[in-house]
Amino acid sequence: MGTHFTLPKGVAPCDGDAALCALLEPIRARYDLPSFAAAIVTIGERADVCTRICAVGYRQRGAAKPAVTVNDRWHIGSNTKAMTATVAARLVERGLLSWDTRVSACFPKFACHAAASSITLRQLLTHQSGLAANLSVAQTARARASQSELRQQRRQLVARLLSSPPSESPGTYSNLGFVVAAAMLEEVANCSFRELLQRELFAPLGVQSAGFGQSNTAGRADQPVGHGADGAPALGAGADNVPLLDPAGRVHLTLADWGRFVGEHMLGRRARSDLLPASTFVFLHGECSDRGSGSGWIPLTREWAGGLALTHSGSNTLNYAVVWMAPERGVAFLVCTNQANEQTAKACDEVVVALLDLWKSNSDEHNDKNNKKQNRTTTTTTPSSEASQPCEINITTGGCLTKDLPLLQPVWIGSLVA
């Protein structure tokens, strides 16, 4: 990984895992996207995470533009929500608040409408609060013009939201819910959300590449540049949502660092994480609820995943990122691209299918070798019932994640619109 090379003439430059690059480039070209980056994340027998990464294409559409690399930082949009929820869980475990703490309890001096008085942290993180999906045009304009610190901006937003009844029904996807949740965390911890994310998540995981907003410097293609639906690059300053919305979807980072976070969630379910107890990871993933949503995750059932599959996607209308995780198999697939249009989700679906096929093929080969080794070592002895058995991975073509059927059933993309 990390060796830069170029495929035959007429094909975009690629960096990283050659096998992954060979899968991604034809899909990138077919959908005419500037670039793709993808990773296969697996967990080992010990508390370690292995990530295969590749990147194909260009940071900016056009001739003679810089190529993407495996060390580039990608905007992951609403996949930030799972990070916000993980930080919340850390503070809940510490006793600073509970899942059922009401917003009004964290801000007792704010005037509160009766219909908003019962909104809890749990409801905010599972889209059950009834808060609006996004800021209004007027609220966005105020946020862009504001000179106040982000923590104060969030407090002001909470005051406005608590003063009136929720505008939507429970179950409405709400970016504002995560902003309000972050304001609660800031209040009980007495520090900013960005400080919390660094202290409670990034530092313990060794994540060093993370930042907020567009990853490229304004006017330069020094990182992947976001592109709109028409293919035009957004090079100007502020090519993202307002910083007030950090907790809902403004993180950028390398795929290796995103893989560390996703891998920690797989390890955590097996009680191999120092961040949180296994039961808390299960709670965050939401499969034991009837809400249809975890906290930054969508729990689904997929045969290829051995049962539970967790997914989420994110877009700021200029970039797109999606994750699929199979906790029982110990594998996850991450895909990013720096253009968002009506075909982007479908293109990323095809990438995930290709990654899944490659992982299955490699897993089958590994199992075949284990079977042959076991047969050789047990020709003259009777295997013990406690002997280690090879892991059986059975991915059929009858599930929803196949080349013949759509990978994604309708799920929340969580696009943030400025």
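The values are calculated or read from the model by the stated rules, or taken from the named source; none is laboratory data. The model shown is predicted, which means the values in this text are computed figures rather than measured ones. Here Cβ is always computed from backbone atoms with ideal geometry, including for glycine, and neighbour counts include all displayed protein chains. SASA here: full protein model, heavy atoms, side chains in, ligands and nucleic acids out. Shrake-Rupley method; radii C 1.70, N 1.55, O 1.52, S 1.80 Å.
Rank by packing, highest mean first: peptides 338-347, 255-264, with packing defined as the count of other Cβ atoms within 10 Å averaged across residues.
On the way: 338-347: 20.5, 255-264: 24.3.
Ranked by mean Cβ neighbours within 10 Å, highest first: 255-264, 338-347.
For the range 157-204, the fraction of alpha-carbon pairs lying more than 14 Å apart is 60 percent, rounded to a whole number. Based on every Cα atom in the range 240-298, Rg and the maximum pairwise Cα distance Dmax equal 13.5, 37 Å.
For Met184, the accessible area of its heavy atoms, probed at 1.4 Å with every protein chain present, is near 0 square angstrom.
Of the listed residues Lys360, Lys81, Lys109, the order by accessible area with a 1.4 Å probe, largest first, is Lys109, Lys360, Lys81.
Stokes-Einstein D for the range 211-345 at 25 °C, 0.890 mPa s, Kirkwood Rh over Cα pairs, in µm²/s?
Values: Rh = 16.2 Å.
For these conditions, the coefficient is 151 µm²/s.
Here, P(r) means the percent of Cα pairs in each 10 Å bin from 0 to the largest distance; for the range 150-229 it is 14, 32, 33, 19, 1. Ligands, DNA and RNA are left out, and with a 1.4 angstrom probe the accessible area of the range 256-366 is 30 Å² per residue. With each label modelled as a point 7 angstrom along the Cα→C-beta vector, the Glu93-Arg30 pair spans 4.2 nm.
Rank these by accessible area, largest first, 1.4 Å probe: Thr126, Thr101.
Values: Thr126 5, Thr101 30 Å².
Descending order: Thr101, Thr126.
Between Ala203 and Ala278, the C-beta separation translates, for a Förster distance of 22 Å, into a calculated FRET efficiency of about 0.50.
Solvent-accessible surface of the range 78-149, taken per residue with a 1.4 Å probe and all protein chains present: 43 Å². Normalised by residue count, the range 200-282 yields a Cα convex hull volume of 121 Å³ per residue. Within the range 25-176, the percentage of alpha carbon pairs spaced more than 21 angstrom apart rounds to 63%.
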